[in-house]
Every structure is written in C-alpha cells, then in structure tokens.
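As structure tokens, the structure follows; a few thoughts come after it.
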Amino acid sequence: MEPDSEPATVEVPAGRVLSASELRAARWRSQKLPQRSHGPKDFLPDGSEAQAERLRLCRQELWQLLAEERVERLGSLVAAEWRPEEGFVELKSPAGKFWQTMGYSEQGRQRLHPEEALYLLECGSIQLFYQDLPLSIQEAYQLLLTEDTLNFLQYQVFSHLKRLGYVVRRFQPSSVVSPYERQLNLDGYAQCLEDGTGKRKRSSSCRSVSKKAKALQNSLPPMSEAASSPPACDQSSQYSEKPQESSPRKGSGLSFQALGSSEPCPALAREDVECGQENEKIKNGAKGAPKPRWNFEQISFPNMASDSRHTLLPAPAPELLPANVIGRGTDAESWCQKLNQRKEKLSRRDRDQQAEVQQFREDVNADPEVQGCSSWREYKELLQRRQLQKSQPRPPHLWGQSVTPLLNPDKADSPAAVLEHVSVLQTTHLADGGYRLLEKSRGLEISFDVYQADAVATFRKNNPGKPYVRMCISGFDEPVPDLCSLKRLTYQSGDVPLIFALVDHGDISFYSFRDFTLPRDLEH
Amino acid sequence: MLVVEVANGRSLVWGAEAVQALRERLGVGGRTVGALPRGPRQNSRLGLPLLLLPEEARLLAEIGAVTLVSAPRPDPRNHGLALASFKRQQEQSFQEQSTLAAEARETRRQELLEKIVEGQAAKKQKLEQDSGADEGQEASGSEATQGSETSDDGQAAKKQKLEQDSGADEGQEASGSKATQGSETSDDGQASAEQEGADSSSPQPGPSNGVTPLPRSALLIQLATARPRPVKAKPLDWRVQSKDWPHAGRPAHELRYSIYRDLWERGFFLSAAGKFGGDFLVYPGDPLRFHAHYIAQCWAAEDPIPLQDLVSAGRLGTSVRKTLLLCSPQPDGKAKQRAVRSDVTTRRRYYKTAVLRQRVSLSPS
C-alpha cells in the first residue's frame, strides 16, 4: 500500500438528500419518458432563436430526468446486506417477484450475486445495507464492483441485457452438455429423473432410457485404463469361446462418472425402485462438479451383443467406487435374455424402402469366395489377391510416367470421393480441437448465460435449460481474441452460440462468429 | 469547483448539476450509463452516473474546471457517526412525514366537506321520493359509520374519490402492507370499506384530531444516487501514472488527447465512436439536436495507413452518412485533419479522395 503522499484534502460535496415534503411530492411525478430530441435534428447550428429554444427544452428535460431521485415505500423494499468477504448479498427479508429469475438459495438463506443486487438497487426493489448503513448507488458501485467480483464492463452488459428483459445468469460450466450427450438425449433423461423423485414415470421415453442406463451401468468397467482391458480379456477368455472382439463402443458414452454399484436388476418389478435409487445418484452427479470429458478412444467396453456374448462382468476395482458402495461381479446373461429379440415387423412402406436400399448394397457374405474362407487370415489373403488382380492391368503410358492419374477407377465410386481428393480446403469447425485447449492459460472468459425474455414465466432456476446465447465481455481497447481463445471459448460453450459484447465507454455492441460450411456434392 | 471521482481509470460524475454545468458551459458531454430512476427497465434513456472519456476528464482537469480525485474508500472511523446521524435523520423524516400526511388528510377532508353535505342533502331528497328500496342499506350504512357523514350509497362514489385522491396517503399508509387488509379502499366502495377507512384513517373531526401515526411500512425512503454525506478525498495528478489513472504516458492516450483537445477548441462536441470504427464522433453542436458530421480516426504521425483500412473506413462512413476524418498531431503540437470522402451515386460507385496539401503515405499492407 503506497504511503499517503498527498493527504485527503479535497472535499467531495454530498449528494442531494430529499426532505420529507420532497419525498411526498415525488409520488406525483410523471411516469412518462419524454422524447430525447423533439422532432428531427437540425443539420448545422445557425444561431437562430428557434434552434436555441428547442435545444434549451431538450436540455431542461434531460436535467429534470437526471435530477430525480429514487423514492420508494419502505414496505415495498427488500432489505439486503452486502458481505464483502464472501462476495454475495444476503437478503434479510423475503424476496419479491425478482426471485423467480435472480438469486440463489444456500443453507436456507436467500442470496444474490453482486451484479443482481446492484441492478435491483438501481431498479428500486431492494435496499442494500453495509454495516447497518444503507448504501447509495455510488457507494454500491464502488463496493460491489471490484476485481474479485465483477468488473464495470461486465456489469454494464449485465444491466443492459436485464433492462431489455433477458434472464441473465452467471456462466456455469457444468451445465454445458456436449452435442454427443444431447444426441443421446441425456439432458432430457437427467431432467426426467429429477422430476420424478421416487415415482415411477409412465412415459415411455423414461422407461426405455432407464433400461438402457441400467444395461450400461452393468457394463461399466474400470474406466479409461488401457492396462485394465488385458486383465478383463483374460477373465473373459475363460468364459467365452470366441475371442473378444475389440470394443464396439456403441452408445456407451454416458458420463455417469463412478456411479457405484453395478447391481443388476433382473426383475422388472424392481425397476421403479431402481429408478428411485438412481435418482439421487444422477441428481448428485449432475449437480456436482463439471463433468470431465472422457476420451472414448481409450475406454474399451465389453461387447454384450448377440454375436459374441460376453456377459460375465468382473467386479469394478474398489478404489473407483464410493466408500459405502460394494461392487460385485455379475452375470448379465439373464438380463440379456430379456432383451427383445423378436424380429421387427415393418410396415409395408418400411419394407419397400428397405428393399429399395438393399438393391444397391452388396452383401459381402453373399459372395461364394468369401463364404469359402474359414478364417480371417484367409479372407485377408483373398482381399489381397483381388487387389493385385485389379491393379495389374494398369496402362503403362498412364501410370509409368512421373505424372499419374489422380484416381483409380475402382476408387472413384462417387463424385464426393473424387471431390475429396481434389479439395484443397478442408472444412473445419470453430470448436474442433478445442478440447486440447481447455488447459491453456486463461484470457477471455465466458461471463454470462442469457435466456430469452419470453421464457420468464416458465423459467426455473434449478433447471434453466439450454441458454439462448452465452456472453464474453471485453473492451474496445483490448486486442481481438486470437484463434486459440476463440476455439477454446467456442468449445467451452458447447452448442450454444457465443456472442462477444464489446463495450466502448458506455456503448455496447455485439459480435459473433458463425460457422459456415461450404456446400458440397451430396451423392455419397 | 466541480469534483470528479476517478477509479481504475474510469471517471464517473454522480451529480446532476455537475453534468449540467459540464455540458452547457464546457461542451463536454460524456455518456450516461446508469439506470434512470423514472424508468429503470428501459434502455433508450439512461441516467446517472455519467461516464467521461479519459480525454474528457484530462481536458477538464487541464483547463482547471474540475478537480480529479481518487475515489475515497469508506472510513471506518466515521462509521459510528454516520450511522447515528442516519438513524436520527430517518426518525426525523418519519415524524415529518406523519405530520404532513395528517395535514394533507385534514385539508382534503375540509375541501370535500361541503360537497359531502350537498350530496347528502340531494340524496335525502331522492330517498323521500322513492321509498323502501335503499332503506336497509342506508340504515346499516349510517350505523356502520359514526361521525362521518358519508354513509349513503350515493356518497360512496364521493368517498371513493376521497379515498382515491388521498389513496396515496391513506390507501398506502392506512392499509400498509398488502397482507394486512385484503381490499384496497378504493376498490370497495361499500360500507365495510368505509368503516375500515373510518377506523384506521380517522378523517373525522370529532373523535380524533391528533396525528395518527403512519405505519412504518408506509414511510417513504430515498435511495440516494450520490453519497449523501460529504467526504474528503485525495487529489489525483493526471500527469502521473497510478492505479486509478493508468493512462498517463501511454502513447495511444496522448495521441487521442491531442486530437480531442484540438477539436474541442474548435468548438465541436465529441463522443466515443467505437461502433463506427473510429475514435471520436464529431458533432457541430449538442448531440441532442444535431447529427454527427465526422468520424475521427487518430493516427500517429509516422504510422503508415493500410489501404484496406482506409477503404473500409471510408465505406463505413458512407453508409452511415458521415465523413471520415483522419487526424494526426504535427510536430509543432497542433493537430492536422484531413477528410476522406466517398461519393456514392445510384448507378455507379466511385471513390474520390480529397486533394491533400500534404502527402499522406499510403502503403498497402
């Protein structure tokens, strides 16, 4: 702390304090906002009386508007206290209508973030106290907008969006659902479980999804260790005749984390109980720390499909389970038998469609030569022979020179393949490779999640859903974000569009980057 | 002498009179960035605080119109005093408001007294003509209200008006918080409401002539915009770089400041122009009544201007109907401006650069 070289000598005059009669008179103030410039603007000042008069009128209205103070009834104000060491504002009396979209509950108390509290103070909904003294707006700006909490630019954008009517909340990285998870309808599943605590949901989607979840839970092995798959293989080789195929990772990418016991539920009657149990686990998992992104190329899952049934699953390693949960090995054979193996009855139209598509497909197994192979090795030899046969009749005048044709006739099966060979530019998306950049040093960060204004009536703070956009805030004098930051931020944002709000001395402009794919030949 | 507090390089003005003085006398506008008390949930007009550009703050300090101070932190030593004085002031205000409210109620009642009497007489006449129908109501009404003559249905409207007019007084103060009395007195013009109104607000001259205490929840509070008590602050030297004023010595700031000062001395009004791809918007007069004519871009004297930047800035200026002004300081300290105008015709587009007396070095990037 620098020494006080200059003593505090300048007297800063106090702001206006209204008397009782002025307070009462304030109730009869007009609520209409006058026009900013009465009528179309003039081109040049010409010193005329008319111009001067119009300017005087505009200015007078402006001073009148700025000089008005906020006057509220004590009964309609919610008392709140600023806690600087914890960095939040705690409500001392019950919250009003704003509680629907702002604030959070913790330990039974209602709390607000500093930016929300400041916005509500400016609106005249709360009275903010600090050490029992009510804060003026000037003091609140000074105390609540520090480097630790929120800077001035971020507050400007926040209040701008709130005044427009949007619901603005702080960015929660844990709420980001990756496109893959969304494809699996995982966000809908988590919501479904949260809604039906302990109750059995009749909706078919929940039912079918919960079955899938149980199957995958049963098959959840020790995760992401390449070393663990050989031991699993060894165990499995005792039980199954066919060698284990390398993992089909079909749809097993549920990031449930170490959800504990892989208890089978053979009886369907117990499904509702299971549903209830998973309920808490899912809820705790979903609300917990941000889900790590798993690298599915390194995780192997056992194949439980009908072609090479591998249903004997070992117990998971105890260090991966929570303390009070015991895992045990299981045989999911009985469960697999319950899978619906009946042939699907297609409608006539579906059958026709399938037949049409089938016409153009060649079934490898229908080839008699392939049927003659009895092992993989023989099949591979067959393929190699065929390859040699194809490549032998190559006209030397084409292939013997230094400049050879781009494609082999057998390789060019569609215009799309040809185009790929020829293309110089490759399509890339802004979020590609963003995964590796997450650990890079931080610069620009995502500040807010913004939800649309018309969703206010149905907005639930516990389950806000997918935001409309996400905001990054910067000033005009800061450099344009580089590609590294852009990729990182876009990846962090998931599938929600990202908008950059640039603030230039009170003026806010919004910019965004759009991913754009060049059109290409669709026949593939 | 006006005082402007500076924190983290940002200068905010919190007093409306100061804003007025700066704009009217000195031609420095700034931009309002806070919520307007009259309409805090709209964006078209904003209120205090006023944000000044760093160049504006420095100019005002240089010409001596304003003292820049570092924003003072609240002093814990003064806290006890401040708290005591606040409580005193609150109590005093409460007392005064109660008195004023009672006086207002009384005057209003006196004003309407004659009308009440008139209306009552007329009603009695009317009742004598048609009998029976409203006898019951009249009787119950007169029983219910004691002392106040507004017992009849016919006067219910008058009473309603009385309640409504002083509704801001009584409706709020008497009914206090919404939980206490379910019906607003203005909604319910029946005898029950009159009774409640009579009991709680006591407009009668007879039973109560003192001050009925105002419910605490009806007390009007001012949410102060600026700090309501004076405080001492340290003056800020804009020549020296510090935490609160990081601009001193920075070449970008010095460049912009020299241009700003030059244009201000010529009588123009300036504001920020980030949205328009420039440094300043130049108005011939107050922005309330005049459109901006120029977008000023500041370039250091030796900086080459990339041709693409020039073209894009020129096109932007054309599309928003402003002329691009390239400004740079000369070695002798004055600033030089050159206008780049692009004319657009409906059928063809061609670009015309104004003939420059000095050669501007253009290098394609």
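Read the figures in this text as sums done on the coordinates, not as results from a lab. Fair warning: this is a prediction, and the values are worked out from it, not measured in the lab. Positions of Cβ are generated from backbone atoms using ideal geometry, with glycine treated the same way; all protein chains shown enter the neighbour counts.
Packing, as the average of other Cβ atoms within 10 Å across residues, places the peptides A:503-510, B:73-80 in the order A:503-510, B:73-80, highest first.
Computed packing ranks the peptides B:307-313, A:493-499 as A:493-499, B:307-313, most packed first, by mean other Cβ atoms within 10 Å. Measuring between alpha carbons in the structure, the pairs from B:K87/B:K232; A:K92/B:K243; A:K92/B:K87; B:K275/B:K336 lying more than 29 angstrom apart are A:K92/B:K243.
Legend: mean number of C-beta atoms from other chains within 10 angstrom of residue C-beta atoms, peptide B:45-53, equals 5.
Mean per-residue shielding of peptide A:137-146 is 5, counting Cβ atoms of other chains within 10 Å of each Cβ.
Counting other Cβ atoms within 10 Å of each Cβ, which GluC sites (Glu not before Pro) in segment B:81-129 have at most 14 and sit in a DSSP loop? Please report the intermediate quantities before stating the final value.
On the way: sites: B:E91, B:E96, B:E103, B:E106, B:E111, B:E114, B:E118, B:E128; in loops: none.
Of the GluC sites (Glu not before Pro), not one in the loops of segment B:81-129 has a Cβ with at most 14 other Cβ atoms within 10 Å.
The residues A:V167, A:V456, A:V357, when put in order of fewest to most other Cβ atoms within 10 Å, stand as A:V357, A:V456, A:V167.
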